[in-house]
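Engineer: Got a structure here, written out as structure tokens. Questions coming.
The values are calculated or read from the model by the stated rules, or taken from the named source; none is laboratory data. Quantities reported herein were computed from a predicted structural model and do not represent experimental measurements. Heads up, the Cβs are rebuilt from the backbone with ideal geometry, glycines too, and the neighbour counts pull from every protein chain shown.
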Amino acid sequence: MHLGAGQAIMLLVSLLLLWLAIAKKFEPLLLLPIGFGGLLSNIPEAGMALTALESLLAHHDAGQLAVIAAKLNCAPDVHAIKEALALALPSVQSQMENLAVDMGYTPGVLALFYKVAIGSGVAPLVIFMGVGAMTDFGPLLANPRTLLLGAAAQFGIFATVLGALTLNYFGLISFTLPQAAAIGIIGGADGPTAIYLSGKLAPELLGAIAVAAYSYMALVPLIQPPIMRALTTETERKIRMVQLRTVSKREKILFPVVLLLLVALLLPDAAPLLGMFCFGNLMRESGVVERLSDTVQNGLINIVTI
């Protein structure tokens, strides 16, 4: 059994996530599945997170490596093949994966889950639909100025992107611009968005980004209190917020529809995520599909979270 240094570190990180979820009850619905998934994917020789092609490369069979190398016009060694695959078109990568399957290799169970749920982008979209169904925009519609608080939170994204690019500039860690953008979404403290975007821009970093994003979110109860105490007085913290006015049902129904139309016209790339979010919210506020809304808020989002 060969346990690499990277695998050993990830096993320790996974155990830490499990401890935080079980002993400290920090975001257990998220950290427990992530921690256990980390254990499964880093067990030596099990290959549960490997695709069929990655299993072939890990097997180091000279004859099989030569066949793959001939197709890619590169040297018949693992390092050269990986470099050629990184530069190859998705269609070529798919052909090599099929060739590995023909040679008798099969993808691991976690690789299958990744391909179906994450690689296709389905899981983050369904999670966003569930989040939309659980969100009440009444306080925001009653006091639109609170929108500025949410907008200010997005500065964390730009700070994280600049931080990643700074590390690359000084040669400390090499990040491309797409990788820096995927890492930057962690600054928004939004797990589904981080997973969705990293799957599109930097799939090779998806695992690390998911662990970092959800670990950071789980530690918010520890990070926020000292910051809040430093920036506010005791009197300010005792202010009881009340809703300024009653928001009508019509307003709540129109809001997700208008929001989707505006964003889809101005930022069409964001339409898939926001579209599912607005759809979930419309199901909640319309009141005519309560059974579907309840399913999305509870059973469906729990299944996809796992």
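Engineer: Is there a residue being surrounded by 14 or more Cβ atoms within 10 Å (Cβ to Cβ) and either more than 21 Å from the chain's Cα centre (by Cα) or not in a helix (DSSP H, G or I) (or both) anywhere in segment 11-23?
Structural biologist: So far as segment 11-23 goes, no, none of its residues is surrounded by 14 or more Cβ atoms within 10 Å (Cβ to Cβ) and either more than 21 Å from the chain's Cα centre (by Cα) or not in a helix (DSSP H, G or I) (or both).
Engineer: Residues to consider are 102, 136; find the one that is loosely packed, with under 14 Cβ neighbours inside 10 Å and in the same structural domain as residue 305 (by TED's automatic domain parsing).
Structural biologist: Working: 102 fails: in the same structural domain as residue 305 (by TED's automatic domain parsing).
Within the list 102, 136, the selection yields 136.
Engineer: Return a yes/no flag: does segment 272-287 have any residue that is out of contact with any Phe, Trp or Tyr (no Cβ under 9 Å at 6 or more places or on another chain) and loosely packed, with under 11 Cβ neighbours inside 10 Å.
Structural biologist: No, that holds for no residue.
Engineer: Would you check if there is a residue in segment 247-259 being touching a residue at least 12 places away in the same chain (Cβ under 8 Å) and on the phi > 0 side of the Ramachandran plot? Working first, answer last.
Structural biologist: Within segment 247-259, the subset touching a residue at least 12 places away in the same chain (Cβ under 8 Å) is 247, 249, 251-253, 255-257, 259.
Cutting the leftovers down to on the phi > 0 side of the Ramachandran plot gives us none.
No.
Engineer: Quick check, is residue 53 buried (at least 16 other Cβ atoms within 10 Å of the Cβ), part of a helix (DSSP H, G or I) and modelled with pLDDT of 85 or more? Lay out the reasoning, then the answer.
Structural biologist: On the way: buried (at least 16 other Cβ atoms within 10 Å of the Cβ): yes; part of a helix (DSSP H, G or I): yes; modelled with pLDDT of 85 or more: yes.
In short, yes.
Engineer: So, restricting to helices (runs of 4 or more DSSP H) that lie completely within segment 219-306, which ones have at least 3 residues that are within 20 Å of the chain's Cα centre (by Cα)?
Structural biologist: On the way: elements: 220-231, 234-237, 249-266, 271-286, 290-295, 301-305.
So the answer is 271-286, 301-305.
Engineer: What are the residues in segment 173-182 that are loosely packed, with under 14 Cβ neighbours inside 10 Å and under 17 Å from residue 212 (Cβ atoms), if any?
Structural biologist: 173
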